[in-house]
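*Asks:* Have a look at this one.
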Amino acid sequence: MSSTFLFIIAAVVVFVFVLLIGLFQRYKRCPSDRILVVYGKVGKGADDQGRSAKCIHGGAAFIWPIIQDYEFLDLTPISIEVMLTNALSRQNIRVDVPSRFTVGISTEEGVMNNAAERLLGQSQQSIHDLAKDIIFGQLRLVVATMDIEEINSNRDKFLANVASNVEAELKKIGLKLINVNVTDIKDESGYIEALGKEAAAKAINDARKSVAEKVRDGSIGEANAHQEQRVKVASADAMAVEGENTAKITIAQSDAARREKEAEAQKIAIAAEKVQSAKALEEAYAAEQEAENARARRDKATQTADVVIPAQIDKEKVEIAAEAEAEMIRRKARGEADAILFMKEAEAKGIYEVLTKQAEGFKQIVSAAGNNSRDAVLLIIADKLNELVKLQTEAIKNIKIDKITVWDSGNGENEKSSTANFISGLYKSVPPLQEMFGMAGMELPDYLKGKSTEEIQKLASEVKKKNEPKKPKEANDPPKNDTAK
């Protein structure tokens, strides 16, 4: 049993090893001088269409077994010799254009796919022949669109036209034009040779003409040189004489200027001596004046130290004393102001407390009246009624009457004597309660107007009884008899 198990394990290991070797062998690397073409099932392109092949240059790829395979395209350049003969130019002149083209498989993206589709599996010779046929046709087409002179003289344009036409056609099969070399161009009619002879003759004639012109120019130049020589010699002699005279004049002017400068220098020296003497005197006077100024400053400083400085010290003492007194006054005033402020705050606080207590008392009176404003006013008036009556009586109490004489005839109104009417009228002169409230800016309620003192007190007692809390009824209290009541 164990040997069978070991055999199975060995078989699995061998299978895995062989599988790994096979997978490693399917991983292909592409050298730099080749293109790796993977064909089979290679996925889709940018247009979501199935691709025929995948081209890789300078990389590597894993080739899936069964569904994929691979080949290489060689990038080695191919040299093609093209001996184009009897090609018609635009002037209908037949020319021979021997040339050599160098082509190779392109590594440009997209063009490589063309090479994979059209050249994969082809030999170098087959590719050579195919490219040669394409080049022949395009070269004939380019020659037919140009003149002989243009082909012969403007080789750069001719080669550019050939390269653009040939390369456009070679890309269709995946090739790239590397180089074009045209050796010599000939025609069967000798037109190009005649053009060469004409150019040679023109060059010879131009050379002869140039030689004659140069000889002529040499003779004229020689005569001009002799003439210029004589003119320049005479001019040089005249300039020499003129130079001598100018030199003499310059010498004379120089002597005059020298003497003038000497005189001016002597004058300046004399003036400088006088100026220096004057400056010496001026400096002496200035020194004496400076000494006098110094003595004056010293005397002034002495006077300042003896008089001004003591006065200034006394002045500063007075200022310091005044500032100290002012500071004491300011502090005293600040203390008095703080005391007044404290007293006023205490008075305000006392008033606030009184008003608060009064408000609480009024609130309790209203509560005692069962929160009825009419009954609350009645209680307040009843409480102050004695004081109000007292004030009424005092209105005539202090009237000083020394002597009253009454003549009573006994005939009074309303069955009263004249003396009784007098006393009654005197008491009526006391202001009524309603008028007293009016003079104080208040007004009695409507239900108190016209009421007497006794009536007001009676109403107040009824309000108090009504708002007193009721006592609980005892069990042994006899039942009330409504009839007895």
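The values are calculated or read from the model by the stated rules, or taken from the named source; none is laboratory data. The shown structure was predicted, so the numbers you read here are calculated from the model rather than taken from an experiment. For neighbour counting, all protein chains shown are included, and Cβ atoms are generated from backbone atoms with ideal geometry for every residue, glycine included.
*Asks:* Output the number of residues of the stretch 64-86 satisfying the condition of being surrounded by 16 or more Cβ atoms within 10 Å (Cβ to Cβ) and either hydroxyl-bearing (Ser, Thr, Tyr) or assigned to a loop (DSSP other than H, G, I, E, B) (or both).
*Replies:* 2
*Asks:* Give the number of residues within the stretch 87-142 that are within 60 Å of the chain's Cα centre (by Cα) and assigned to a helix (DSSP H, G or I).
*Replies:* Qualifying residue count, the stretch 87-142: 7.
*Asks:* Counting only residues that are assigned to a helix (DSSP H, G or I) and surrounded by 14 or more Cβ atoms within 10 Å (Cβ to Cβ), how many does the stretch 143-164 have? Spell out the reasoning first.
*Replies:* The initial filter retains those residues of the stretch 143-164 that are assigned to a helix (DSSP H, G or I), namely 143-144, 148-153, 155-164.
Going one step further and asking which of them are surrounded by 14 or more Cβ atoms within 10 Å (Cβ to Cβ), we end up with 143, 148, 150-152, 158-159, 161-163.
Looking only at that region, the number is 10.
Conditions tested, residue by residue: (1) part of a helix (DSSP H, G or I); (2) under 30 Å from ASP147 (Cβ atoms); (3) at pLDDT below 80.
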{"residue": "ALA199", "(1), (2), (3)": "yes, yes, yes"}
{"residue": "LYS202", "(1), (2), (3)": "yes, yes, yes"}
{"residue": "ALA212", "(1), (2), (3)": "yes, no, yes"}
{"residue": "VAL215", "(1), (2), (3)": "yes, no, yes"}
{"residue": "GLU242", "(1), (2), (3)": "yes, no, no"}
{"residue": "ILE249", "(1), (2), (3)": "yes, no, no"}
{"residue": "GLU262", "(1), (2), (3)": "yes, no, no"}
{"residue": "GLN276", "(1), (2), (3)": "yes, no, no"}
{"residue": "TYR285", "(1), (2), (3)": "yes, no, no"}
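For every residue, the table says whether it meets (1) over 23 Å from ALA115 (Cα atoms); (2) in the same structural domain as THR107 (by TED's automatic domain parsing); (3) modelled with pLDDT of 80 or more.
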{"site": "ILE9", "(1), (2), (3)": "yes, no, yes"}
{"site": "PHE24", "(1), (2), (3)": "yes, no, no"}
{"site": "ARG29", "(1), (2), (3)": "no, no, yes"}
{"site": "GLY50", "(1), (2), (3)": "no, no, no"}
